[in-house]
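K.L.:
The structure that follows is given in the form of structure tokens.
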Amino acid sequence: MAKTKQQLSPIEIAAKKYARYRDPLIMVLHEIQTTRGYIPREAAFEIAKLLNVPLARIYEVITFYNYFRLKSPGKAVISVCTGTACHLKGADKLVKEFSEELDIEPGQTTDDGLFHLQSVRCVGCCGLAPVVVINEKTYGKLQPSQVPHVIAEWKEKFETETADAAS
Amino acid sequence: MPPVNIEKIKNDEIKRQNDFCCRIFVCASTGCISSQSMEAIDALEEAVKSHDLENEIEIVPTGCMGLCARGPLVRVEVAGQKPVLYETVDPMFARLVVSEHIRPALAKSVKDYAFKLPDFLKNRTVPLDIDFFAQQQKVVLANAGDIDPESIEAYIARDGYKALEKILLNMSPEQIIEQIEKSGLRGRGGGGFPVAKKWTFARQSQAEYKYVICNGDEGDPGAYMDRSILEADPHAVLEGVLIAAYATGAQEGIFYIRAEYPLAIERMKKAIRQAKRNKLLGKNILGTEFSFDCQIRLGAGAFVCGEETALIASIEGRRGTPRPRPPYPSVKGVWDMPTCLNNVETLANVPSILRNGGDWFAQWGTGSSKGTKVFALTGKVINSGLIEIPMGLSLREVVEKIGGGSSTAKEIKAVQTGGPSGGVIKREDLDLPVCYDRFQQAGSIMGSGGMIVMDQDDSMVDIASFYLGFTVDESCGKCAPCRIGGKQLLDLLEKISQGKGTKKDIESIKLLCEAMRSASLCGLGQTAPNPVVSTLTYFENEYLEKINSEVCK
Ligand SMILES: Cc1cc2nc3c(=O)[nH]c(=O)nc-3n(C[C@H](O)[C@H](O)[C@H](O)COP(=O)(O)O)c2cc1C
Ligand code: SF4
Ligand code: FES
């Protein structure tokens, strides 16, 4: 008997969605990363089985493309734009400031799993350079001196969320 | 089922729009959204409701209006009165615009009543006759800022899909290519290859199945032309793809768009859905023999995937590594089928060329560069944003008139074009016209449209290392000249930056650049030395200063 939609795993749903594509691997990976934030190991195994592609090829693809992540990025992903316009307006100072404040290097996640720091290329708001995007929120013309304040703002947000969840 | 009646959709939509005595256009592209334009839209909607003006006022979310640094941008058009553009519109100000500008303007329904704005409103307007707007020529961006990109009716009201109708009913593929040839349109993705030639190759390739690919991978790290076009007018790009498909004999289209562009992807998806619903995509389009379908594929953060053969590998689900050409994609592309691959902006030009004729398009430009070009003007200029200019305009006019000159107290030093594959054009050469060949002669390239203005504070050694660092990061590693040469070159530049360089290093740099240019497999490696060569040619003194000084500035 065919499974109903509720019984399908997210990966099965993604595979079905792109079934008519001749090679759906990259689109399925996108789908997983969008829902999970990264490509967990068990997901890679399941994709290998479902799409009938060798695991080695899946990892070859994941590691080639910068966009795919192998580890959970934490609750807030801080993307500092290091595109040309932002570079000229001091993006490196912002990276350094976030890095020092959070005590992590770009590409790393804080031990408490709250923040992930990364540098990205042009986010398309060059007029507002330097730009930092945290999850869905964009900060334009951000000064290094504002960085501690921005981090505090997000910490506070997480604290209220946990408090709300607890009550 | 009868085919859609485009003329009727157009007339109905125009009538619907004319029913409003006031239309408020709010920029809803990525730039303005990050300056909170959605909040401005909410506030406007609320205010309109509270004043009971829902039947009089329409709020239209639009694509990019150009002055990205001053968003959110809001343009108010009251019937019979001059349009007014506001900058940095926060929710509170938005409410004031409705209560203190639009309401009184509507109340006086005298025809040409020139409404006098109170000062607190006037202070936040941007005159629409300033050079920033007057010097531009909008072809690709003709609808940007004027229509809701998420409405197919709005596109049709602007003569959208007219070109498709015209070619399907009245023109042969050869006649289409003839018009494109006449227009002189060249690829806007960086290479500048004549579009008519590419389409002819794809047309002549014999195969059962062919593809058209729209390259929306926009790699230049500091530019957002293609993103803005996709966000502002997705139907124009789609219509361009349909025309390319009919001209080359293709059955399927693929949009390859960077995953980092969620809004562009969303709007393209919506455009495809709307076109399907209106039977402008699918079987027997407009009642003809022509059938065509489209899908979207996402890029995944690899610059090299903008290169056509790497992009094709990526669509096929593999690592995006380039392969040697020939065979070119127009002969052997996706799944080995002939594939016509063009850039977003290239395709967005196509509908208006077919609507108005090739000669119309060729009225702008120089001998070798026709039409208009979209640029993302950024860096140290007052008006940074998205612009479209006629080819042949001088860089000086772009930077000083449209850009408004230096945004700092310092003099402009150079303008960078072509991103990581381009070079710098120094201040003394600013009279150069915007033209593929002239830029190349000056040691830069037209590129895809990044234009970055640098002032006396910007170090040329730094900018060369910045771009090279980017290309080294993005090298796919397939061939040694790029993989190893790039790294060695970067090490030398860093050594010089740190004040530890010698004159001999400059000689080694020149040799390495030459080796990379001639021996790399794909355009990434071949052009990666360009920013170094170009800065070294025009600003060797800056390199020498670093060498001669112990401490780096
Ligand atoms: C490293 C590299 C990156 C490229 N990136 C892009 C890109 O982001 N967008 C694009 O349209 N073309 C890009 N190109 C050029 C494409 O290979 C191809 O020439 C172009 O998309 C063809 O379209 P056009 O003739 O309409 O310009 C790139 C080329 C190279 C070598
Ligand atoms: S030139 Fe660079 S990017 Fe291109 S194939 Fe060689 S290593 Fe890869
Ligand atoms: S360079 Fe940072 S937003 Fe474009």
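The values are calculated or read from the model by the stated rules, or taken from the named source; none is laboratory data. Not measured: the values here are computed from a predicted model. Don't worry about glycine lacking a Cβ; one is built from the backbone with ideal geometry, like all the others, and counts go over all protein chains shown. All accessible areas refer to the heavy atoms of the entire protein, side chains included, with ligands and DNA or RNA removed. Shrake-Rupley method; radii C 1.70, N 1.55, O 1.52, S 1.80 Å.
K.L.:
Take the residues in the stretch B:207-236 that are touching a strand residue (DSSP E or B) at 6+ places or on another chain (Cβ under 6 Å) and away from chain A (no Cβ under 11 Å), then tell me which one is nearest to ligand 2 (Cβ to nearest atom).
P.N.:
In this case the residue turns out to be B:Asp217.
K.L.:
Take the stretch A:60-73 and flag every residue that is of a type outside the set (Lys, Arg), within 11 Å of chain B (Cβ to nearest Cβ) and open to solvent by 20 Å² or more (accessible area, probe 1.4 Å). Spell out how you get there, then give the answer.
P.N.:
Applying the first criterion (of a type outside the set (Lys, Arg)) to the stretch A:60-73 yields A:60-68, A:70, A:72-73.
With the extra rule that they be within 11 Å of chain B (Cβ to nearest Cβ), the set shrinks to A:60-68.
Passing the criteria: A:Glu60, A:Thr63, A:Phe64, A:Asn66, A:Tyr67.
K.L.:
Just checking, how many residues over the stretch B:147-162 are part of a loop (DSSP other than H, G, I, E, B) and surrounded by fewer than 22 Cβ atoms within 10 Å (Cβ to Cβ)?
P.N.:
Start the filter on the stretch B:147-162 by keeping residues that are part of a loop (DSSP other than H, G, I, E, B), which leaves B:147-151, B:158-161.
Within this subset, residues satisfying the condition of being surrounded by fewer than 22 Cβ atoms within 10 Å (Cβ to Cβ) are B:148, B:150-151, B:158-159.
Selection size over the stretch B:147-162: 5.
K.L.:
Residue check, B:Trp364 against (1) within 22 Å of B:Gly418 (Cα to Cα); (2) more than 14 Å from every other protein chain (Cβ to nearest Cβ); (3) within 14 Å of ligand 1 (Cβ to nearest atom), all met but one. Which one?
P.N.:
Every condition holds for B:Trp364 apart from (3).
K.L.:
Quick test for you: out of B:Asp505, B:Asp491, B:Asp473, pick the one residue that is within 16 Å of ligand 3 (Cβ to nearest atom), surrounded by fewer than 19 Cβ atoms within 10 Å (Cβ to Cβ), not small (Gly, Ala, Ser) and not assigned by TED's automatic domain parsing to the domain that holds B:Lys373. Give the derivation first.
P.N.:
Values: B:Asp505 fails: within 16 Å of ligand 3 (Cβ to nearest atom); B:Asp491 fails: within 16 Å of ligand 3 (Cβ to nearest atom).
Going through B:Asp505, B:Asp491, B:Asp473 in turn, the sole match is B:Asp473.
K.L.:
If you scan the stretch A:120-156, which residues turn out to be open to solvent by 70 Å² or more (accessible area, probe 1.4 Å), within 19 Å of the chain's Cα centre (by Cα) and among the basic types (Lys, Arg)? Can you show your working first?
P.N.:
Of all residues in the stretch A:120-156, those open to solvent by 70 Å² or more (accessible area, probe 1.4 Å) come to A:136-137, A:141, A:143, A:145-146, A:149, A:155-156.
Then drop every residue that is not within 19 Å of the chain's Cα centre (by Cα), which leaves A:136-137, A:155.
Matches in the stretch A:120-156: A:Lys137, A:Lys155.
K.L.:
Is it the case, given these coordinates, that B:Thr288 is among the polar types (S, T, N, Q) and either within 12 Å of ligand 1 (Cβ to nearest atom) or within 14 Å of chain A (Cβ to nearest Cβ) (or both)?
P.N.:
Numbers: among the polar types (S, T, N, Q): yes; either within 12 Å of ligand 1 (Cβ to nearest atom) or within 14 Å of chain A (Cβ to nearest Cβ) (or both): no.
Answer is no for this residue.
K.L.:
From the list B:Lys270, B:Lys279, exactly one residue is away from ligand 1 (no atom under 16 Å from the Cβ), part of a loop (DSSP other than H, G, I, E, B) and crowded, with 16+ Cβ neighbours inside 10 Å. Which is it? Please lay out each step first, then the result.
P.N.:
On the way: B:Lys270 fails: part of a loop (DSSP other than H, G, I, E, B).
It is B:Lys279.
K.L.:
Right, another one. Would you say B:Ala480 is open to solvent by less than 10 Å² (accessible area, probe 1.4 Å) and on the phi < 0 side of the Ramachandran plot?
P.N.:
no
Residue-by-condition table, conditions (1) within 14 Å of another protein chain (Cβ to nearest Cβ); (2) open to solvent by 20 Å² or more (accessible area, probe 1.4 Å); (3) farther than 24 Å from B:Ile180 by Cα; (4) of a type outside the set (S, T, N, Q):
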site: B:Asn284; (1), (2), (3), (4): no, yes, yes, no
site: B:Phe303; (1), (2), (3), (4): yes, yes, yes, yes
site: B:Ala310; (1), (2), (3), (4): yes, no, yes, yes
site: B:Thr321; (1), (2), (3), (4): yes, yes, yes, no
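K.L.:
With B:Ala275, B:Ala310 as the choices, which residue is over 30 Å from B:Asn5 (Cα atoms), at pLDDT 95 or above and over 18 Å from the mean Cα position of the chain (by Cα)?
P.N.:
Details: B:Ala275 fails: over 30 Å from B:Asn5 (Cα atoms).
None of the other options fit; the residue is B:Ala310.
K.L.:
Mind checking which residues of the stretch B:374-407 are open to solvent by 10 Å² or more (accessible area, probe 1.4 Å), away from chain A (no Cβ under 14 Å) and in contact (Cβ under 8 Å) with a residue 60 or more places away in the chain?
P.N.:
Of everything in the stretch B:374-407, those that are open to solvent by 10 Å² or more (accessible area, probe 1.4 Å), away from chain A (no Cβ under 14 Å) and in contact (Cβ under 8 Å) with a residue 60 or more places away in the chain turn out to be B:Pro390, B:Leu393, B:Glu397, B:Lys401.
K.L.:
Do you know which residues across the stretch A:27-59 are open to solvent by 10 Å² or more (accessible area, probe 1.4 Å), in contact (Cβ under 8 Å) with a residue 12 or more places away in the chain and in a loop (DSSP other than H, G, I, E, B)?
P.N.:
Within the stretch A:27-59, A:Gly37, A:Tyr38, A:Val53 meet the criteria.
K.L.:
Give me the residue from the stretch B:215-250 that is within 14 Å of ligand 3 (Cβ to nearest atom) and assigned to a loop (DSSP other than H, G, I, E, B) and, out of that set, nearest to the chain's Cα centre (by Cα).
P.N.:
Among those that are within 14 Å of ligand 3 (Cβ to nearest atom) and assigned to a loop (DSSP other than H, G, I, E, B), it is B:Tyr224.
K.L.:
In addition: So which residues in the stretch A:60-81 are within 16 Å of ligand 2 (Cβ to nearest atom) and part of a loop (DSSP other than H, G, I, E, B)?
P.N.:
Scanning the stretch A:60-81 gives A:Tyr65, A:Asn66.
K.L.:
So is B:Phe439 aromatic (Phe, Trp, Tyr), assigned to a helix (DSSP H, G or I) and open to solvent by 10 Å² or more (accessible area, probe 1.4 Å) or not? Step through it out loud before you land on a result.
P.N.:
Details: aromatic (Phe, Trp, Tyr): yes; assigned to a helix (DSSP H, G or I): yes; open to solvent by 10 Å² or more (accessible area, probe 1.4 Å): no.
For B:Phe439, the condition - aromatic (Phe, Trp, Tyr), assigned to a helix (DSSP H, G or I) and open to solvent by 10 Å² or more (accessible area, probe 1.4 Å) - is not met.
K.L.:
Would you confirm whether or not the stretch A:90-97 contains a residue that is farther than 30 Å from B:Pro72 by Cβ and touching a helix residue (DSSP H, G or I) at 6+ places or on another chain (Cβ under 9 Å)?
P.N.:
Let us first name the residues in the stretch A:90-97 that are farther than 30 Å from B:Pro72 by Cβ, namely A:96.
Okay, now just the ones that are also touching a helix residue (DSSP H, G or I) at 6+ places or on another chain (Cβ under 9 Å), so A:96.
Yes, the stretch A:90-97 has at least one match.
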